[in-house]
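The values are calculated or read from the model by the stated rules, or taken from the named source; none is laboratory data. Here the structure is a predicted model, which is why all the values come from computation and not from measurement. As a convention, Cβ positions derive from the backbone with ideal geometry for all residues, glycine included, and neighbour counts pool all protein chains shown.
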Amino acid sequence: MIPRRMRYARLLSGCCALAALPVVHGQETAASPVRPIPAMNRWQEDWSSLADPSLRTEPGDGWKYHPLAPLLPDGWLSLGLTLRERYEQNDAVNFGVNGAPREAYLLQRLQVHADLHLDSHWRLFTQLEDARAWAKDPVTPVDQNPLDLRLAFAEYVQHTAAGTLKARVGRQDFAFDLQRFVSSRDGPNVRQSFDAVWADWETADWRFIAFVSEPVQYLDSKPFDDHSNSAFRFHTVRVERHVLGDNELSAYWSVYERANARYIDASGLERRDLLDARFAGKSGAVDWDLEAMGQSGRVGATAIRAWAGGAGAGWTLEETAGKPRLGLQLDAASGDSRRGDGALGTFNPLFPNGYYFSLAGYTGYANLVQVKPTLTLHSATGLVTTFGAGLLWRETTGDAVYVQPNVPVAGTAGEPGRRTGTYWQARADYRVDRLITTAIEVVHDDVSQVIRRVGGRDSDYVGIEFKLSW
């Protein structure tokens, strides 16, 4: 979430079978002005370096940094655009259960933004998004959203000798750590936003964060129809600390509330109290990321007792061609062991990032045990390739097999057999230049008998992505 986390980019790529996941907060500080590269979250960019005319070397730079003097002596405006095109082919959506169709379609996401800096303390950021799913049937809420307001917030920043205060109010996004449970959901076509009030205080070694929010709920009826309300709320208090050098220890407590929640063994108003702890770092050639979460509360009249944990570690051979990173990812999440016992054990993964397991969506973070070795290679041309094999089991046979984010596969709850399958994944990411990135991901899932007995079959996914960021 903060600039120092960029040193964990290789950890993120190996543990999650990605080239990289977005940093959540802040900017790197350079000794001299440098031209920034467009970020995953465009509001993180700082184009003030283009105040130096010698750095304005590309077409459109006059609008990447546009001074507003004399109207605002210290003010400036930056405009930007992101276009992402992703072709996806999936021959067994939901493993083909209940006649789920084979699909081949194009996902298109267009975003435009304006970043207005009134002075050194205040800024206004606005981003519009238009997400379309061409030839996809059925279309889900995360696939398509006609022109709508994705981000619109006011931010105040105050730097002091003791630390830095930041506060934001309005529609914004945020994510934690490897984005196992809280993310801006960049994998699906429609990203997740929150109408929120956010504040944090950061020093050299400590960071304190608090926010109250209502997650945005997306509609596909007409432009500017997305909304948030008290039927869905998510509030958090978080603390981070540097330990043993630059290694990071963090913990947070959250309240998650959702009306009309539905699980196999419970329904009604859902309120979860969440406690999460994480320790991540690097020592020499070894990196690691350990996280655990417990959940309590109620869904209707049913008590919640759920948990999950994730562990990733890697060893990078810096002196070997390709700088290979050998990684191992372990994940587990509770399921509901017995129906009708007054307790719900199914873990709620909250706001997961589709990238964490794979873009195919065959694996959800509920009632899960996963062991996943990975290999990541970096070429001299900037190509990053990742290979992984995920071995999957259910935590309990009393609960279902889940696909992303936490959708049960019909008929699997109560079926014998904990083993659910193995998926094979290959992904390549390549930055063509400062503005253009490309990626391809291929996944094959060999399902087990528990899925075959309910009509499922082996599954194949291919995703090809092109992204232009100006």
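Quick one: in the range 310-336, which of the residues that are within 19 Å of the chain's Cα centre (by Cα) and in contact (Cβ under 8 Å) with a residue 24 or more places away in the chain is nearest to E270 (Cα to Cα)? Write out each step before concluding.
Let us first name the residues in the range 310-336 that are within 19 Å of the chain's Cα centre (by Cα), namely 310-312, 329-333.
Now drop any that are not in contact (Cβ under 8 Å) with a residue 24 or more places away in the chain, which leaves 310, 312, 329-333.
Details: G310: 24, G312: 30, Q329: 30, L330: 28, D331: 24, A332: 22, A333: 18 Å.
Here the residue is A333.
Considering each of D173, D119 in turn, give the residue that is more than 20 Å from the chain's Cα centre (by Cα) and not aromatic (F, W, Y).
The unique qualifying residue is D119.
Considering only residues that are polar (S, T, N, Q) and buried (at least 21 other Cβ atoms within 10 Å of the Cβ), look in the range 119-151 and name the one that is modelled with the highest pLDDT.
Residue satisfying both the conditions and the ranking: Q127.
For the range 323-334, how many residues meet the condition of being in a loop (DSSP other than H, G, I, E, B) and touching a Leu at 6+ places or on another chain (Cβ under 8 Å)?
Selection size over the range 323-334: 2.
One line per residue, one yes/no per condition, for (1) crowded, with 23+ Cβ neighbours inside 10 Å; (2) closer than 20 Å to G187 by Cβ; (3) among the charged types (D, E, K, R); (4) more than 21 Å from the chain's Cα centre (by Cα):
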{"position": "N367", "(1), (2), (3), (4)": "yes, no, no, no"}
{"position": "F387", "(1), (2), (3), (4)": "no, yes, no, no"}
{"position": "G414", "(1), (2), (3), (4)": "no, no, no, yes"}
{"position": "A428", "(1), (2), (3), (4)": "no, yes, no, no"}
{"position": "R434", "(1), (2), (3), (4)": "no, no, yes, yes"}
{"position": "R452", "(1), (2), (3), (4)": "no, no, yes, yes"}
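Failed condition for F234, given (1) surrounded by fewer than 16 Cβ atoms within 10 Å (Cβ to Cβ); (2) within 30 Å of L147 (Cα to Cα); (3) hydrophobic (A, V, I, L, M, F, W, C), with all others met?
Going through the list (1) surrounded by fewer than 16 Cβ atoms within 10 Å (Cβ to Cβ); (2) within 30 Å of L147 (Cα to Cα); (3) hydrophobic (A, V, I, L, M, F, W, C), F234 breaks only (1).
Give the residue that is modelled with the highest pLDDT, with candidates limited to residues of the range 340-362 that are in a loop (DSSP other than H, G, I, E, B), of a type in the set (G, A, S) and closer than 18 Å to A308 by Cα.
Restricting to residues being in a loop (DSSP other than H, G, I, E, B), of a type in the set (G, A, S) and closer than 18 Å to A308 by Cα, the top hit is G345.
Filter the range 207-221 down to the residues that are of a type in the set (D, E, K, R) and at pLDDT below 95 and list them by number.
Hit for the range 207-221 is D220, nothing else.
Which of the residues that make up the range 377-396 are touching a Gly at 6+ places or on another chain (Cβ under 7 Å) and farther than 30 Å from I436 by Cα?
Listed by number, the residues that qualify are L392, R394, E395, T396.
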